[in-house]
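The values are calculated or read from the model by the stated rules, or taken from the named source; none is laboratory data. Here the structure is a predicted model, which means the values were calculated and not measured. Cβ coordinates were reconstructed from backbone atoms using ideal geometry, including for glycine residues, and neighbour counts include every protein chain displayed. Each accessible area value is taken on the protein alone, full model and side chains, heavy atoms only, with ligands, DNA and RNA left out. Shrake-Rupley method; radii C 1.70, N 1.55, O 1.52, S 1.80 Å.
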Amino acid sequence: MSGVVQGGMEFVWAAYGITFGALAIYGVTLITRLREQSSRNTSERSGQ
Amino acid sequence: MHETANNRYPVLPFILIGLGVLCLAFGSYFGLFVAPPERYMGEVQRIMYVHVPTAWNALLAITFAFVCAIVFLFNGNFKWDARLEAGIEVGVLLAFLLCVQGAIWAKPTWGVWWDWDPRLTTTAVLLFAFLGILALRKFVEDPVKRGIWSAVATIIAYVDVPIVYFSVRWWNSLHQLQSSPATVSSQFYIPLRVNAFGILFLMTGFIMLRARLASLRHVNEIAPPPMMAEEAGELA
Amino acid sequence: MSAVMNTPHASDAMRRRTRYFMLGAFLVAAIAFAVIAASGINQNLVYYWTPTDLHAAGDKAYGATIRLGGMVSPGSIRNHGGASGVEFDVHDAGGKVHVKSSGVPPQMFRENIGVVVEGTMVQGGYFKSNRLMVSHDNEYKAPEAGHPMSQEELKKLMKTTEGME
């Protein structure tokens, strides 16, 4: 019972991995959604 | 020609996202490999360099949405409704990550993944309140009603932000009080601050793109031909 | 110019109406904030009881499942029954409570650290717990000279070596 956490790098990797993984996925889906919406807007407008 | 110009991506958000990625790469490298371990928490303390910046920026994104709600109710400009939606979506993502990181940090240090401590409880309330507002926006078809209701809900839900902040002072809690430069070793400052700016830049870029997406949707639903926009406003 | 610029404005009538909505929202928010702040400051809601609270409650403290929070008293930690559980005293400025906790304590568990234990006060005058949580303070310090050592420990060490020469 030293009072010091031994090891535990797996927790650190999990926290960083989930954070940056989620931010990256969000960024990619955001750009995809934006691209789809842009082309939808353009096609609907040109159809008028 | 005009239309093609509209659909080109704006440059600034991408510059911010790039800057954010650079900061996060440097800050995290420093935090993971250069900064010393903490005297009691050991290696696990390195989670602080993502957790604390996430917390600051989550509250900042929600605060931005709160400001957007006020401005929207003042001037009725749907640009602010789009920004509100963007701020909430990115804020909810960060608040969710905050809870996950917190649980991962709590297990090896506190000994539990979660407990209904005031700080954790009020943060969970924040996450679900704003998730609820996003759901509300999905279900309300009328853009005017959607804008007003979500702005009102945002102002009310925002009370939880100061409560989250003060929770560790008002009640006794498992979560510790706010740290300050005096309670944190100077060796830990660099990764903490660089990552804080990293997430700030990344978040700002995301919010700008997300607001643009929401505005494009507005244009489609409120004003299929642009000249009908005035009448759509009048009907409300 | 851009799509963003074309997003419509609401009419004046709508804007007048929405300002009342805003006033209403702020009113609701202010009331909610006041009620919650008051409950925090008046201690109507408590996350854990301190040893002082437990002593003050007397017999009422027995039987209910509650949380007890305080500092682990120095020199009080013992393994109990050969199992993985631990026994220790939790104290605050106004009292001390003996705790018997089952299960392996978290690695950070030591003397003079904050803990929150969940369980019940049982007859025999001790607190029986099956959930032991370590509460870290807001100090994050690099280890000094490669050894984990708190400021108090360092001071203590310096005091013991002072008279040696």
Legend entry - Condition met for B:A182 (facing another protein chain (nearest Cβ under 7 Å), part of a helix (DSSP H, G or I) and either open to solvent by 10 Å² or more (accessible area, probe 1.4 Å) or modelled with pLDDT under 95 (or both)): no
Inset, instruction - Give the number of residues within the stretch C:120-140 that are open to solvent by 10 Å² or more (accessible area, probe 1.4 Å) and either more than 7 Å from every other protein chain (Cβ to nearest Cβ) or farther than 14 Å from C:M71 by Cβ (or both). - result: 12
Legend entry - Residue in the stretch B:30-38 that is under 23 Å from the mean Cα position of the chain (by Cα) and not basic (K, R) present: yes
Inset, instruction - Sort out which residues of the stretch C:1-34 are outside any loop (DSSP other than H, G, I, E, B), at pLDDT below 85 and open to solvent by 90 Å² or more (accessible area, probe 1.4 Å), and write them in order of number. - result: C:D12, C:R16, C:R17, C:R19, C:Y20
Legend entry - the stretch B:92-147 - residue that is within 23 Å of B:A61 (Cα to Cα) and polar (S, T, N, Q) and, of those, nearest to the other protein chains (Cβ to nearest Cβ): B:Q101
Inset, instruction - State all residues of the stretch A:32-44 that are open to solvent by 30 Å² or more (accessible area, probe 1.4 Å) and either modelled with pLDDT under 95 or more than 7 Å from chain B (Cβ to nearest Cβ) (or both); if no residue qualifies, say none. - result: A:T32, A:R35, A:E36, A:S39, A:R40, A:T42, A:S43, A:E44
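For every residue, the table says whether it meets (1) within 30 Å of B:V184 (Cα to Cα); (2) modelled with pLDDT of 85 or more; (3) part of a loop (DSSP other than H, G, I, E, B); (4) not polar (S, T, N, Q).
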| residue | (1), (2), (3), (4) |
| --- | --- |
| C:D59 | no, no, no, yes |
| C:S76 | yes, yes, yes, no |
| C:G81 | no, no, yes, yes |
| C:D89 | yes, yes, no, yes |
| C:F109 | yes, yes, yes, yes |
| C:V117 | yes, yes, no, yes |
| C:K128 | no, yes, no, yes |
| C:R131 | yes, yes, no, yes |
Inset, instruction - Any chance you could count how many residues in the stretch B:49-66 are in contact with a Phe, Trp or Tyr (Cβ under 9 Å, 6 or more places away or on another chain), within 14 Å of chain C (Cβ to nearest Cβ) and surrounded by fewer than 24 Cβ atoms within 10 Å (Cβ to Cβ)? - result: 3
Legend entry - In the stretch B:67-78, the residues that are part of a helix (DSSP H, G or I), surrounded by 21 or more Cβ atoms within 10 Å (Cβ to Cβ) and facing chain C (nearest Cβ under 10 Å): B:A69, B:F72, B:L73, B:F78
Legend entry - Single condition B:W113 does not satisfy, out of (1) among the aromatic types (F, W, Y); (2) at pLDDT 95 or above; (3) part of a helix (DSSP H, G or I): (3)
Inset, instruction - Working carefully through the options B:V194, B:V161, B:V125, find the one that is in contact with a helix residue (DSSP H, G or I) (Cβ under 7 Å, 6 or more places away or on another chain), surrounded by 21 or more Cβ atoms within 10 Å (Cβ to Cβ) and modelled with pLDDT of 95 or more. - result: B:V194
Inset, instruction - Check off (1) assigned to a helix (DSSP H, G or I); (2) facing chain C (nearest Cβ under 9 Å) for B:L84 and give me the number that stays unchecked. - result: (2)
Inset, instruction - Quick one: count up the residues across the stretch B:159-202 that are polar (S, T, N, Q), touching a strand residue (DSSP E or B) at 6+ places or on another chain (Cβ under 9 Å) and more than 19 Å from B:F33 (Cβ to Cβ). - result: 5
Legend entry - Subset of the stretch B:1-49 [hydroxyl-bearing (S, T, Y) and modelled with pLDDT under 95]: B:T4, B:Y9, B:Y40
Legend entry - Selection within the stretch C:35-71 - without any contact (Cβ under 8 Å) to a residue 60 or more places away in the chain, surrounded by 12 or more Cβ atoms within 10 Å (Cβ to Cβ), of a type in the set (A, V, I, L, M) and closer than 15 Å to C:E118 by Cβ: C:V46, C:I66
Legend entry - One residue from B:E85, B:E89, B:E38, B:E43 being open to solvent by less than 10 Å² (accessible area, probe 1.4 Å) and acidic (D, E): B:E38
Inset, instruction - Restrict the check to the stretch B:165-179 and report whether at least one residue is of a type in the set (G, A, S), crowded, with 22+ Cβ neighbours inside 10 Å, more than 26 Å from A:A22 (Cβ to Cβ) and out of contact with any His (no Cβ under 7 Å at 6 or more places or on another chain). - result: yes
